[in-house]
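Scroll down for the structure; my scribbles are underneath it.
The values are calculated or read from the model by the stated rules, or taken from the named source; none is laboratory data. Every value quoted in this text rests on a predicted model; they were computed, and no experiment measured them. All Cβ positions, even for glycine, are placed from backbone atoms using ideal geometry, and neighbour counts span all protein chains on display.
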């Protein structure tokens, strides 16, 4: 059996009050340079959002998450960064930020099936 392909991932977090550093997980981004693979998915529960994010607009947060997704997907209609190659897009998306949408530190692993690994991590860490 093969060892698997090296991948890196980060959890996307919503930080409603940056000064309090409280957050909840809303998405996942996974990337493999060797496989030229990048995938980003998010899930923002409206009920949880209403409980934790007073003062924020749900639609604006969804719009920001969609921008993240379109950059990951390489859709250049959303931002010039989407034109960069996959590793550069991943690094940009996972850069340290002080905004309401942040990512966790980057973690690494190995997998023979990146889609299956992504789905498992998404369920474990986000949903």
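Every condition in (1) modelled with pLDDT under 95; (2) in contact with a strand residue (DSSP E or B) (Cβ under 6 Å, 6 or more places away or on another chain); (3) buried (at least 18 other Cβ atoms within 10 Å of the Cβ) holds for residue 4 except the one numbered (3).
Taken together, the residues in the stretch 27-38 that are surrounded by fewer than 20 Cβ atoms within 10 Å (Cβ to Cβ) and touching a strand residue (DSSP E or B) at 6+ places or on another chain (Cβ under 7 Å) amount to 3. Can you tell me which residue in the stretch 84-103 is nearest to residue 13 (Cα to Cα), limited to those that are touching a helix residue (DSSP H, G or I) at 6+ places or on another chain (Cβ under 9 Å), modelled with pLDDT of 95 or more and not in a strand (DSSP E or B)? Among those residues, the one meeting the criterion is 93. Answer with yes or no whether residue 116 is without any contact (Cβ under 8 Å) to a residue 24 or more places away in the chain, at negative phi and either in contact with a strand residue (DSSP E or B) (Cβ under 8 Å, 6 or more places away or on another chain) or surrounded by 12 or more Cβ atoms within 10 Å (Cβ to Cβ) (or both). When the stated conditions are applied, residue 116 does not pass them. Number of residues in the stretch 13-26 that are free of Cβ contacts under 8 Å to residues at least 60 places away in the same chain and buried (at least 19 other Cβ atoms within 10 Å of the Cβ): the value is 0.
Do the conditions hold for residue 10, that is, is it exposed (fewer than 12 other Cβ atoms within 10 Å of the Cβ) and modelled with pLDDT of 95 or more? No: the conditions fail for residue 10. Counting only residues that are in a helix (DSSP H, G or I) and over 16 Å from the mean Cα position of the chain (by Cα), the stretch 43-83 holds 12 of them.
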